[in-house]
1. If you check every pair at least six apart or on different chains, which have Cβ atoms under 7 Å apart with a residue in the range 483-495 that is among the charged types (D, E, K, R) first and a residue that is in a helix (DSSP H, G or I) and surrounded by fewer than 19 Cβ atoms within 10 Å (Cβ to Cβ) second?
2. Does the range 38-53 hold any residues that are at negative phi, touching a residue at least 24 places away in the same chain (Cβ under 8 Å) and not in a strand (DSSP E or B), and which are they?
3. Determine whether the range 207-218 contains at least one residue that is assigned to a loop (DSSP other than H, G, I, E, B), in contact with a helix residue (DSSP H, G or I) (Cβ under 6 Å, 6 or more places away or on another chain) and under 26 Å from Arg285 (Cα atoms).
4. Among the residues of the range 130-144, are any farther than 19 Å from Arg344 by Cα and modelled with pLDDT of 95 or more?
5. Residues of the range 483-503 being surrounded by 15 or more Cβ atoms within 10 Å (Cβ to Cβ) and farther than 17 Å from Glu469 by Cα, which ones?
6. Can you name the residue in the range 73-91 that is free of Cβ contacts under 8 Å to residues at least 40 places away in the same chain and not in a strand (DSSP E or B) and, of all such residues, is surrounded by the fewest Cβ atoms within 10 Å (Cβ to Cβ)?
7. Based on what the data block shows, is Val239 over 23 Å from Ala337 (Cα atoms) and crowded, with 21+ Cβ neighbours inside 10 Å?
8. Would you point out the residue of the range 219-248, among those that are of a type in the set (A, V, I, L, M) and part of a loop (DSSP other than H, G, I, E, B), that is modelled with the highest pLDDT?
Amino acid sequence: MVDLSRWPLFSLLNPEELGAIRQACVFGTMANEVIYITHSNEMFVLGLNCSGCLGTGDSFSSIVPKKVDFLRGKRVVGLSYGSGPHVLLATEDGQLYAWGHNGYSQLGNGNTNQGLSPVLVTANLTNKRIVQVGCGSHHSLALTHNGEVFAWGYNNCGQIGSGSTANQPYPRRVTGYLQGRTAVGISCGQTSSMCVCDNGEVFGWGYNGNGQLGIMNNGNQLAPCQVSALQGVFVQQLVSGYGHCLALSDEGACYSWGSNTYGQLGTGNKSNHLSPVRIMANSERVVEVAACHSTHTSAAKTQSGQVYMWGQCRGQSLLLPTLTHFLSTDDVFAGFASPSVMWRLVSVEPDFLTMADALRKEFDSPETSDLKFSVEGKCIHVHKALLKIRCEHFRSMFRSQWSEDQQEVIEIGQFSFPVYRSFLQFLYTDTVDLPPEDAIGLLDLATSYCENRLKRLCQQIIKRGISVENAFTLLSAAIKYDAEDLEEFCFRFCVNHLTKVTQTQAFWQSDGAMLKEFFSRASQCGAFKN
């Protein structure tokens with residue numbers, strides 16, 4: 001859980017106000033502006049209000065929270081800020097709002113008047129649902145639900161991707177090499193733009209003086225250019241710092257490139273890199289990378305929850321990823337970034353004991369349970385009433401005509417202890433704490449018990465643990481258990497790493513029918529076009 005009190009401005013709020021926060025963002029040249037959204041989907045702001053960036057309708061600062069009444073209960077899915085500063089906000093229904101500094105039309109409303117209040121951005125976005133937003137220093141990006149990228153605002157270095165350096169007053173679709181491709185993520189440096197596509201390809205455009213586009217030179221690009229050095233790497237997350245970039249592959253590998261004045265590339269020196277270089281190669285699988293265009297700080301989180309930081313950290317230059325005691329990458333930016341801004345819109349869990357928390361505490365509690373499951377000679381203590389409420393399988397089991405309804409201890413022989421315990425814990429917590437290698441067994445159980453939500457969670461866990469060695473085994477399991485989303489993910493992974501996957505033992509131990517089906521499907525998507 002993110003501790004908001006790490007950011008000084010939140011010390012102005014009382015415990016009740018802090019407890020009501022669901023999402024928050026701290027930004028500004030001195031981390032002196034705050035936007036937060038409550039659990040009831042109301043937006044409040046606090047701080048200096050430079051250029052009207054708090055959206056209150058005026059330019060007055062405030063040390064007490066002010067409500068900005070335009071969301072009308074809508075849920076926020078994305079928020080980003082520029083250096084002006086200006087702010088972009090996307091709602092769950094796909095609407096885009098903008099306010100703040102507008103000297104280069106970065107609000108997308110066709111003029112350069114300062115935006116003191118949130119305005120709905122509609123130009124060229126008819127029937128477009130915005131799912132992600134990004135801000136550079138004075139330009140803006142938006143990603144639509146169907147994978148189109150729109151850009152507008154300041155364009156002195158080509159950061160709009162229009163092929164020229166003319167400013168763009170309205171959202172304009174970025175085409176060029178992006179034409180026909182589906183973008184799934186966007187990111188902005190100060191005066192550069194990046195995106196990652198559904199096939200794992202990365203494109204960049206704009207300022208490139210420090211190599212932040214990763215295209216093996218330092219010339220500015222007026223239109224999207226592919227980061228060719230990442231060919232063969234399927235990128236699933238991309239973030240930009242002030243003048244550097246970090247990328248995370250589907251195999252958990254971390255890459256960096258661009259400016260390295262403070263060691264923010266994590267390469268052990270301060271030399272810029274014009275193309276991606278792999279870092280943290282000897283660490284465990286990385287699951288998240290973090291950077292922000294306002295800072296020269298980098299961070300990463302591994303599969304076991306370890307958090308690393310490097311770059312400019314409280315005035316020091318950390319040249320290599322350094323292990324911290326933090327629980328999240330957000331904590332790194334609160335304590336060590338300059339300024340101590342947030343690198344993303346942060347979601348906050350409630351700090352009080354909810355009903356869910358109470359149920360979580362009672363799982364496997366001998367003091368209050370009225371039933372035990374015995375698996376591999378070990379007991380798991382549960383509550384019969386909760387199991388009947390949460391699971392149709394148990395609701396049927398605990399009927400009077402079933403023998404189990406009269407038993408105090410039920411023997412389970414079909415599944416392993418870790419798998420069955422994780423399943424029962426899921427009924428109490430809605431979460432799964434199980435390593436990827438055991439998640440296939442849990443997927444089997446979820447399929448047998450018709451627990452579709454658990455089935456989806458298992459697929460997410462398995463995705464995080466995929467590698468070249470186990471990819472075909474996981475694909476076989478996905479097909480066996482009719483897990484369509486996981487099957488598609490594993491299939492794409494196998495195609496993206498086709499040469500290596502076909503050299504694994506798991507691939508050649510598969511039955512002939514599955515191999516034939518795989519090759520047929522792979523050929524249809526162009527895997528053998530060369």
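1. Listed by first residue and then by second, the contacts come to Glu487/Ile479.
2. Taking the range 38-53 as the starting set, the residues that turn out to be at negative phi are 38-40, 42-46, 48, 50, 53.
If we keep only those that are touching a residue at least 24 places away in the same chain (Cβ under 8 Å) as well, we get 39-40, 42-44, 46, 50, 53.
Answer for the range 38-53, where residues must be at negative phi, touching a residue at least 24 places away in the same chain (Cβ under 8 Å) and not in a strand (DSSP E or B): His39, Ser40, Glu42, Cys50, Cys53.
3. First, the residues of the range 207-218 that are assigned to a loop (DSSP other than H, G, I, E, B): 207-218.
With in contact with a helix residue (DSSP H, G or I) (Cβ under 6 Å, 6 or more places away or on another chain) added as a condition, the list becomes none.
No - not one qualifying residue is present in the range 207-218.
4. We begin by selecting, within the range 130-144, every residue farther than 19 Å from Arg344 by Cα; these are none.
For the range 130-144, residues farther than 19 Å from Arg344 by Cα and modelled with pLDDT of 95 or more: absent.
5. Result: Ala483, single match.
6. Of the range 73-91, the ones free of Cβ contacts under 8 Å to residues at least 40 places away in the same chain are 73-75, 91.
If we keep only those that are not in a strand (DSSP E or B) too, we end up with 73-75.
Numbers: Gly73: 7, Lys74: 17, Arg75: 12.
Per the stated criteria, the residue is Gly73.
7. Numbers: over 23 Å from Ala337 (Cα atoms): no; crowded, with 21+ Cβ neighbours inside 10 Å: yes.
When the stated conditions are applied, Val239 does not pass them.
8. Step one: of the range 219-248, the residues of a type in the set (A, V, I, L, M) are 222-223, 227, 229-230, 233, 235, 238-239, 246-248.
Applying the additional criterion that residues be part of a loop (DSSP other than H, G, I, E, B) yields 227, 233.
Details: Val227: 98, Val233: 95.
It comes out as Val227.
The values are calculated or read from the model by the stated rules, or taken from the named source; none is laboratory data. These numbers were taken from a predicted model, which means no experiment stands behind them. Virtual Cβ from ideal backbone geometry, glycine too; neighbours counted across all protein chains shown.
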